[in-house]
């Protein structure tokens, strides 16, 4: 079945969004992994996974599917971007006051969301009562902290302008005094706003949705400790609020691993769900999109005849992550739109090449070893055309290290384990095989 131009454009729309928050039609075709199908909304859940593993999409799907149940819940969205608070994280690492900082961030997000939903009539809150309560707290000495948290919010609250927020709080936010990130001030602010937050939690059911982005390498430890502290605080609140507070959180796996390596312990382990997709589920993610936008179920024919895509082969390049398999199909669709006369075999090669370049682009920061010869290591792997014995791989890395001044940080065995963990190599019949996307990027397939 050869698709027409109009059909290609429709299909492109179903694959164009990488971020779940941007995809308004996600509820129509996102298929959750098998273990999530029976989850209840009024419980706390922490979804663990790497970048692109479907954490945000799963949370959005759960919220959208439970729209009626959520009518009785006060929904609060938080996007935790730890990079915004570089100076604060550096300061808090000196005093180890992660609990103070995490509670301040959470409570201010709660208050800001209360204000937004009150001002725009989303909730049944008494706007005048809330304003009076906030002004009575006399928060003017902390205007810089409140302003900074407001500025850090990347989604939601965009309908409120700063001068409107200043009027609600009764403080100056446009030009706050010079920033003072001393944790003493955060403790003081916490004590001031805590009673108001506890009152609102006890008087209504609240669902907190938190999406956490990957931290940069220099602050990975600090971000992990902050995130762990935030989760512990939420679990504590969940227990003492008599079932009034629930939360859904997407958490990068590496943050939890760092937190645990630092001696941190998190309760309620049954609330943690690892985002692990099998091949059948990834195939359904693709097929469902085709069915919804084209009304067709001849998936293999459509993919093969138009884009040269074979699902089983495509999954090998995806790191078994929804974002990546969607991205690869999108690149192939884009190649077909731009080169309508090319054969499906050529379209596949163009799409795969563009996809591989994109993947290598995000692998470097995600790897978080930018200064440890990562690019040289990729070049080394790309030159391994066949499966290799471990000793052969060790010898090749040692040889590279003699020639490189940057690939020095990790011991060779630790480096190999890291490559396995990031799925850049895999063990097969006691040999190592490189991930095909690396070979595709370097043109050695």
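The values are calculated or read from the model by the stated rules, or taken from the named source; none is laboratory data. Remember, it's a predicted structure, so these values are computed and weren't measured experimentally. Please note: Cβ atoms are built from the backbone with ideal geometry, for glycine as well, and neighbour counts cover all protein chains shown.
Output the residue which, of all residues in the range 225-240 that are out of contact with any strand residue (DSSP E or B) (no Cβ under 8 Å at 6 or more places or on another chain) and touching a residue at least 12 places away in the same chain (Cβ under 8 Å), is surrounded by the most Cβ atoms within 10 Å (Cβ to Cβ).
Selected residue: 226.
Condition check: touching a strand residue (DSSP E or B) at 6+ places or on another chain (Cβ under 9 Å) and in a helix (DSSP H, G or I). Does residue 59 satisfy that?
yes
Quick check on my filter: what residues within the range 29-39 are loosely packed, with under 14 Cβ neighbours inside 10 Å and either assigned to a helix (DSSP H, G or I) or touching a helix residue (DSSP H, G or I) at 6+ places or on another chain (Cβ under 9 Å) (or both)?
The answer is 34, 35.
Rundown of residues vs (1) part of a helix (DSSP H, G or I); (2) within 30 Å of residue 89 (Cα to Cα); (3) touching a helix residue (DSSP H, G or I) at 6+ places or on another chain (Cβ under 7 Å), yes/no style:
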{"position": "256", "(1), (2), (3)": "yes, yes, no"}
{"position": "270", "(1), (2), (3)": "yes, yes, no"}
{"position": "277", "(1), (2), (3)": "no, no, yes"}
{"position": "282", "(1), (2), (3)": "yes, no, yes"}
{"position": "306", "(1), (2), (3)": "yes, no, yes"}
{"position": "314", "(1), (2), (3)": "yes, no, yes"}
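Based on this model, can you work out whether residue 337 counts as assigned by TED's automatic domain parsing to the domain that holds residue 438, closer than 15 Å to residue 14 by Cβ and surrounded by 22 or more Cβ atoms within 10 Å (Cβ to Cβ)?
Here the answer is no, as residue 337 does not meet what is asked.
Which of the residues spanning the range 224-278 are under 30 Å from residue 318 (Cα atoms) and over 19 Å from the mean Cα position of the chain (by Cα)?
Result: 260, 261, 269, 270, 278.
So that you can scan it fast, the table gives a plain yes or no per residue for (1) out of contact with any strand residue (DSSP E or B) (no Cβ under 8 Å at 6 or more places or on another chain); (2) crowded, with 16+ Cβ neighbours inside 10 Å; (3) modelled with pLDDT under 80; (4) assigned by TED's automatic domain parsing to the domain that holds residue 255:
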{"residue": "100", "(1), (2), (3), (4)": "yes, yes, no, yes"}
{"residue": "106", "(1), (2), (3), (4)": "no, yes, no, yes"}
{"residue": "153", "(1), (2), (3), (4)": "no, yes, yes, yes"}
{"residue": "160", "(1), (2), (3), (4)": "yes, yes, yes, yes"}
{"residue": "167", "(1), (2), (3), (4)": "yes, no, yes, yes"}
{"residue": "173", "(1), (2), (3), (4)": "yes, yes, yes, yes"}
